[in-house]
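Taking it in order: structure first as structure tokens, then the write-up.
The values are calculated or read from the model by the stated rules, or taken from the named source; none is laboratory data. Everything numeric here is computed off the predicted structure, so don't read it as measured data. Cβ sites come from the backbone with ideal geometry, for glycine too, and all protein chains shown count toward neighbours.
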Amino acid sequence: MLLKLPLLSREIPAQNTTAVLPHYALLTISALACAVAAQGGYYLPGRVVVAVMVAGALVLALRTQPWSRSDAGLVLLSCTGLAVWAVARAVMGGFPVAAIPTVVTLACLAGAVVVIGRIDSGQRELCAVAAVGVGVLIAITGWIGAAWRIQPWALPVQGIWRASSTLTYANAAAAMLASLSVLACGLLLARPRSLARAAATYALLVGLAATLSRGGLVAMLAGLLLLSVLAGVRATAWHLAPAIAGATVAFGALIGSLPAPAQPRPILAVLGLVVGLMITLALTRLPHRVRAAAVAATLALVTVGFATQIVAGQTMQVLIGDRANLDSMGRSGAAHAAMRMVAARPILGVGPGQARFQWAAADGREVVARYAHNEYLQVLVELGAIGLILLLAVLAAMAIHVRRGRADAQPPMIWAGAVAALAALLVHSGFDFLWQLPVIPLTGGLLVALASPVTSKNHAITIGKEQR
């Protein structure tokens, strides 16, 4: 069923224009920003800081509002079950501390669900805007790294510079940008003529393109497909078209800086970025009858430019040869190695943190990796069928929780954007190792919370603010 909203005719009036985020929600957003700055929280210092900040936000939230049955009980129960099994499996393997990363990851996810789930509708919209703002910072730093070849904001991978931002891993940056771009689209659908939201969506799309991540592209398309189902294909395409047209221009200007053998062209990249932004803003404010023709003309010109580069330019041929295919020796090799390990220990797994994937590369070299490019397969290898079943229980609990939030979502497009962004994150988790960085589960928990039911207490808080 589509969300029946007059998106093509007028903006939705704000429910609460004076919303401010409570201290515990601000602390959670700060934890997200710190995780982004600390390489996703992968290393111990960053992981500890993020965990402490989320724990502090949870304590503050519980002090403000006592525990109640509406606090995502199913999500917490399922996360606890998976965490307990990870600890038990680690103890059985003789490495109890190996379960700590898994427990911290689940704690960040569950903590974000509880903390952000306690704020009211107006505050959730503001929280979504803040999360998108963090995504814009990822996009900008990644784009700068690619345009000027600044490490580690961009890194050369197989002869091509790919934006990675402060996360220092292009596919992790792509996962964040893909999900947050879908959330930004939901925000834009709620306020279609907002230039700030159109610009944020544009920036996220440019940053995602600069990562050259195939998994990120697939995840974003999956998220937008779900958003189209929830909000309507026409509304989604109509309001996203200006940002797509502008981002296509900006990416076209950046392409020349990406192949490692070529010299970077930062001035051209900056010019394309500015022109793309101007196109996005202009198309956003154009009358409906003119916008469609303007978008079509822009995309046609860019398509001609790309086609010319493909025929005559070596840059495009290098990019297409490396990225425009589904071949990935690392993914296929790791997947085959993982299935051999699953066959050896299908029920209990090898234990958290104990997986080592080995396979022979095309040139005969032996490759060893700690992570498979598939988080669901990684869980199956480390925690066995029991762990995978418990993980599916977590995902089912999240789905039930956000489904309950649909009835009272205000504005509904924020709910739709959060659900679609969560779907994008889960899709991309099947292509890369993402959950090893706490910033990814923390983002997932934030998206679940944004789509969760608004409690009666929060309704009362909102009413009280409107009365004042």
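Can you find a residue that is under 14 Å from L167 (Cα atoms), touching a Gly at 6+ places or on another chain (Cβ under 6 Å) and either at pLDDT 95 or above or of a type in the set (K, R) (or both) anywhere in region 28-37?
Of the residues in region 28-37, the ones under 14 Å from L167 (Cα atoms) are 32-37.
From what is left, the residues that are touching a Gly at 6+ places or on another chain (Cβ under 6 Å) are 35.
Then drop every residue that is not either at pLDDT 95 or above or of a type in the set (K, R) (or both), which leaves 35.
Yes, because at least one residue in region 28-37 is under 14 Å from L167 (Cα atoms), touching a Gly at 6+ places or on another chain (Cβ under 6 Å) and either at pLDDT 95 or above or of a type in the set (K, R) (or both).
Please go through region 51-76 and pick out each residue that is surrounded by 20 or more Cβ atoms within 10 Å (Cβ to Cβ) and more than 24 Å from the chain's Cα centre (by Cα).
A61
Restricting to region 331-357, name every residue that is more than 25 Å from V91 (Cα to Cα) and touching a strand residue (DSSP E or B) at 6+ places or on another chain (Cβ under 7 Å).
Pass one, region 331-357, residues more than 25 Å from V91 (Cα to Cα): 331-336.
Once the filter is applied, which keeps residues that are more than 25 Å from V91 (Cα to Cα) and touching a strand residue (DSSP E or B) at 6+ places or on another chain (Cβ under 7 Å), region 331-357 yields G333, A334, H336.
For region 84-102, which residues satisfy the criterion of being surrounded by fewer than 20 Cβ atoms within 10 Å (Cβ to Cβ), touching a residue at least 12 places away in the same chain (Cβ under 8 Å) and among the aliphatic types (A, V, I, L, M)?
Listed by number, the residues that qualify are V87, M92, A98.
For the subset of region 156-168 comprising residues that are hydroxyl-bearing (S, T, Y) and surrounded by fewer than 23 Cβ atoms within 10 Å (Cβ to Cβ), which member is nearest to A33 (Cα to Cα)? Break it down stepwise before answering.
Let us first name the residues in region 156-168 that are hydroxyl-bearing (S, T, Y), namely 164-166, 168.
Checking which are surrounded by fewer than 23 Cβ atoms within 10 Å (Cβ to Cβ) leaves us with 166, 168.
Working: T166: 11, T168: 15 Å.
This residue is T166.
Within region 141-157, how many residues turn out to be in contact with a helix residue (DSSP H, G or I) (Cβ under 6 Å, 6 or more places away or on another chain), of a type outside the set (S, T, Y) and either without any contact (Cβ under 8 Å) to a residue 60 or more places away in the chain or not in a helix (DSSP H, G or I) (or both)? Before the answer, list the steps.
Of the residues in region 141-157, the ones in contact with a helix residue (DSSP H, G or I) (Cβ under 6 Å, 6 or more places away or on another chain) are 141-143, 146-148, 153-154.
Now narrow it down to the ones that are of a type outside the set (S, T, Y): 142-143, 146-148, 153-154.
Now drop any that are not either without any contact (Cβ under 8 Å) to a residue 60 or more places away in the chain or not in a helix (DSSP H, G or I) (or both), which leaves 153-154.
The qualifying residues number 2.
So, in region 119-149, exactly how many residues are closer than 24 Å to R63 by Cα and touching a Ser or Thr at 6+ places or on another chain (Cβ under 7 Å)?
3
Would you confirm whether any residue within region 324-344 is within 30 Å of W85 (Cα to Cα), modelled with pLDDT under 75 and not in a loop (DSSP other than H, G, I, E, B)?
Initial filter on region 324-344 (within 30 Å of W85 (Cα to Cα)): 330-344.
Applying the additional criterion that residues be modelled with pLDDT under 75 yields 330.
Still in the list and also not in a loop (DSSP other than H, G, I, E, B): 330.
Yes.
Out of the residues in region 390-403 that are surrounded by 19 or more Cβ atoms within 10 Å (Cβ to Cβ) and of a type in the set (A, V, I, L, M), which is nearest to G444 (Cα to Cα)?
M398
When region 93-112 is examined, which residues are found to be under 19 Å from I347 (Cα atoms), among the hydrophobic types (A, V, I, L, M, F, W, C) and out of contact with any Gly (no Cβ under 7 Å at 6 or more places or on another chain)?
Answer for region 93-112, where residues must be under 19 Å from I347 (Cα atoms), among the hydrophobic types (A, V, I, L, M, F, W, C) and out of contact with any Gly (no Cβ under 7 Å at 6 or more places or on another chain): just A99.
I'd like to know if region 376-384 contains one or more residues that are part of a helix (DSSP H, G or I) and among the hydroxyl-bearing types (S, T, Y).
Let us first name the residues in region 376-384 that are part of a helix (DSSP H, G or I), namely 376-384.
From the residues that got through so far, the ones that are among the hydroxyl-bearing types (S, T, Y) too are 376.
Yes - at least one qualifying residue is present in region 376-384.
Mind telling me which of the residues V115, V136, V132 ends up being β-branched (V, I, T), modelled with pLDDT of 95 or more and crowded, with 23+ Cβ neighbours inside 10 Å?
So the residue among V115, V136, V132 that is β-branched (V, I, T), modelled with pLDDT of 95 or more and crowded, with 23+ Cβ neighbours inside 10 Å is V132.
Of (1) within 30 Å of A25 (Cβ to Cβ); (2) surrounded by fewer than 20 Cβ atoms within 10 Å (Cβ to Cβ), M413 satisfies all except one. Which?
(2)
From the residues in region 359-389 that are exposed (fewer than 14 other Cβ atoms within 10 Å of the Cβ) and touching a strand residue (DSSP E or B) at 6+ places or on another chain (Cβ under 7 Å), which one is modelled with the lowest pLDDT?
That would be A361.
Which of (1) crowded, with 17+ Cβ neighbours inside 10 Å; (2) at pLDDT 95 or above; (3) over 23 Å from P101 (Cβ atoms); (4) not hydroxyl-bearing (S, T, Y) does C79 not meet, given it meets every other one?
All conditions are met except number (3).
May I ask you to verify whether A175 is surrounded by 24 or more Cβ atoms within 10 Å (Cβ to Cβ) and touching a Ser or Thr at 6+ places or on another chain (Cβ under 8 Å)?
yes
Considering each of P287, P259, P264 in turn, give the residue that is modelled with pLDDT under 90 and either of a type in the set (F, W, Y) or in contact with a strand residue (DSSP E or B) (Cβ under 9 Å, 6 or more places away or on another chain) (or both).
Checking each option against the conditions leaves just P259.
Which of (1) at pLDDT below 95; (2) over 22 Å from A451 (Cβ atoms); (3) among the charged types (D, E, K, R) is the odd one out, the single condition R89 does not satisfy?
(1)
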